[in-house]
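J.: Structure incoming, see below.
The values are calculated or read from the model by the stated rules, or taken from the named source; none is laboratory data. Since we're looking at a predicted model, the values are computed, not measured. All Cβ positions, glycine included, derive from the backbone under ideal geometry; neighbour counts span all protein chains shown. For the accessible areas, the whole protein counts, side chains as well, though only heavy atoms, and no ligand, DNA or RNA atoms are used. Shrake-Rupley method; radii C 1.70, N 1.55, O 1.52, S 1.80 Å.
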Amino acid sequence: MDQPETQMTGSWLMEAVEGDVTEWLKLEGVGWQERQVMWMSGYGKGRINLSLLVKEGTVYNLTAMDDFAKFRFQFKLDGLRHAMLFTEGTPFMPFRNFSVQGKMTDEGAIEATMFNDKDEIHSKSSRSVGEDGATLKTDITFLGSPGKEIRISMTHKRVLAATLSADDCMSWCPNVLIGDASAEAGREKKSAVSASLDALFSGVPDLMECIEHGKRKIEETSGGDKLSLIEISSNEFNVNVTKAGGAEEVFEHKLDKEAGTLLVVFKKGDQEVGSWHLKALQEPLRAECWCTLDDNYVSTVCALTELQNSLDKAFKHKRGQ
């Protein structure tokens, strides 16, 4: 029989969500209309894909709600608490900064406790692979009103899809959380904020240099798009994209190294679609990103994705890859 880490590693497609689902959604503040939408969609049955890699005592988790919204986090199975972003139920539930404490049992199950931003236990779960090696079962207990427990079970089936690679996961930046960019944006706006980067970069100049290098590095794409780097000045450059279908896109980059900021403006043809504002934060060293797109959910997902991609490339450059 495979080792527990090997058994759980793979891609899994949501098959069923059972139990006190309605009570759980009420607990999370999901209204009747939204609950109906979630019920009609089968709570993600046949659509939500979960990719797991368990390696050297660390769980790497990537949940693809669809082609656009893909959320990830990692945590060590060391019994300590690790900050992570709770994305279950989005967009009907808000993004929330949680922490997770996990361990692997002698039987190969992963037991985890989630804590909310008030340091209260939100839920406890146990995840294991069935004897057939093709069924992933996750039993979750949510803590409702005092003395009340709400239980649901999620079942996933193994699929023959591309799994997370160890090389990719080892280059993941620390978990990205949610921040507030409303003051900077001039309206209600969520941002993506990394966990501490002090262990990876020596300071703001080092971080921004690595981010810049990653942005300037042109990599091949799998969809047939052609990318080119256009230098404007020492602090400005464009990445031009010719789509496989012939459409033209431009990502304009403008650095302010002294301020530790990077502005990325995305244009389709001559029309500006949106921009990303990335900056370095100190004490501890972190990076923050927010997006100007109007839809709050879309802009938050775009900010999360942009910050993760930028820091992943910076981390690879730091490691000499």
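J.: Can you pull out every residue in segment 57-82 that is over 17 Å from TRP12 (Cβ atoms), open to solvent by 30 Å² or more (accessible area, probe 1.4 Å) and in contact with a Lys or Arg (Cβ under 9 Å, 6 or more places away or on another chain)?
T.: LEU77, ASP78, GLY79, HIS82, listed by residue number.
J.: Provide a single number: the residues in segment 260-270 that are open to solvent by 40 Å² or more (accessible area, probe 1.4 Å) and modelled with pLDDT of 95 or more.
T.: Of the residues in segment 260-270, the ones open to solvent by 40 Å² or more (accessible area, probe 1.4 Å) are 261, 263, 267-270.
Okay, now just the ones that are also modelled with pLDDT of 95 or more, so 261, 263, 267.
Looking only at that region, the number is 3.
J.: Within segment 248-270, how many residues are out of contact with any strand residue (DSSP E or B) (no Cβ under 7 Å at 6 or more places or on another chain) and either in a loop (DSSP other than H, G, I, E, B) or at positive phi (or both)?
T.: Just the residues of segment 248-270 that are out of contact with any strand residue (DSSP E or B) (no Cβ under 7 Å at 6 or more places or on another chain), to begin with: 256-259, 270.
Checking the rest, the ones that are also either in a loop (DSSP other than H, G, I, E, B) or at positive phi (or both) come to 257-259, 270.
Of the residues in segment 248-270, 4 are out of contact with any strand residue (DSSP E or B) (no Cβ under 7 Å at 6 or more places or on another chain) and either in a loop (DSSP other than H, G, I, E, B) or at positive phi (or both).
J.: Taking GLU184, is it closer than 30 Å to LEU293 by Cα and open to solvent by 30 Å² or more (accessible area, probe 1.4 Å)?
T.: In short, yes.
J.: Where the second residue is loosely packed, with under 12 Cβ neighbours inside 10 Å and not acidic (Asp, Glu) and the first is modelled with pLDDT of 95 or more and lies in segment 197-224, which pairs have Cβ atoms under 6 Å and are six or more apart or on separate chains?
T.: Between residues of segment 197-224 that are modelled with pLDDT of 95 or more and residues that are loosely packed, with under 12 Cβ neighbours inside 10 Å and not acidic (Asp, Glu), the close pairs are ASP198/PRO284.
J.: Out of (1) on the phi > 0 side of the Ramachandran plot; (2) open to solvent by less than 30 Å² (accessible area, probe 1.4 Å); (3) not aromatic (Phe, Trp, Tyr), the odd one out for LEU50 is which?
T.: Answer for LEU50: the failing condition is (1).
J.: Among the residues of segment 27-46, are any among the β-branched types (Val, Ile, Thr), open to solvent by less than 50 Å² (accessible area, probe 1.4 Å) and in contact with a strand residue (DSSP E or B) (Cβ under 6 Å, 6 or more places away or on another chain)? It would help to see each step written out before you state the result.
T.: The first filter runs over segment 27-46 and keeps only residues among the β-branched types (Val, Ile, Thr), leaving 30, 37.
After this cut, where a residue has to be open to solvent by less than 50 Å² (accessible area, probe 1.4 Å) as well, the list is 30.
The next check asks that each one be in contact with a strand residue (DSSP E or B) (Cβ under 6 Å, 6 or more places away or on another chain); those that pass are none.
No: segment 27-46 contains no residue that is among the β-branched types (Val, Ile, Thr), open to solvent by less than 50 Å² (accessible area, probe 1.4 Å) and in contact with a strand residue (DSSP E or B) (Cβ under 6 Å, 6 or more places away or on another chain).
J.: Oh, and also: Would you pick out the residues in segment 62-78 that are modelled with pLDDT of 95 or more and either in a loop (DSSP other than H, G, I, E, B) or closer than 17 Å to ASP167 by Cβ (or both)?
T.: LEU62, ARG72, GLN74, LEU77, ASP78
J.: Quick check on segment 138-147. Is at least one of its residues over 26 Å from LEU278 (Cβ atoms), open to solvent by less than 30 Å² (accessible area, probe 1.4 Å) and touching a His at 6+ places or on another chain (Cβ under 8 Å)?
T.: Yes: one or more hits.
J.: So, VAL273, is that one part of a strand (DSSP E or B), open to solvent by less than 20 Å² (accessible area, probe 1.4 Å) and more than 15 Å from GLU184 (Cα to Cα) or not?
T.: no
J.: Can you report the number of residues in segment 152-168 which are out of contact with any Gly (no Cβ under 6 Å at 6 or more places or on another chain), surrounded by 12 or more Cβ atoms within 10 Å (Cβ to Cβ) and hydroxyl-bearing (Ser, Thr, Tyr)?
T.: Number satisfying all stated conditions: 1.
J.: Being assigned to a strand (DSSP E or B) and either touching an Asp or Glu at 6+ places or on another chain (Cβ under 6 Å) or aromatic (Phe, Trp, Tyr) (or both) is the filter here, so list the residues in segment 180-194 that pass it. It would help to see each step written out before you state the result.
T.: Taking segment 180-194 first, the residues assigned to a strand (DSSP E or B) are 180, 190-194.
SER191, VAL193 - these are the residues of segment 180-194 that are assigned to a strand (DSSP E or B) and either touching an Asp or Glu at 6+ places or on another chain (Cβ under 6 Å) or aromatic (Phe, Trp, Tyr) (or both).
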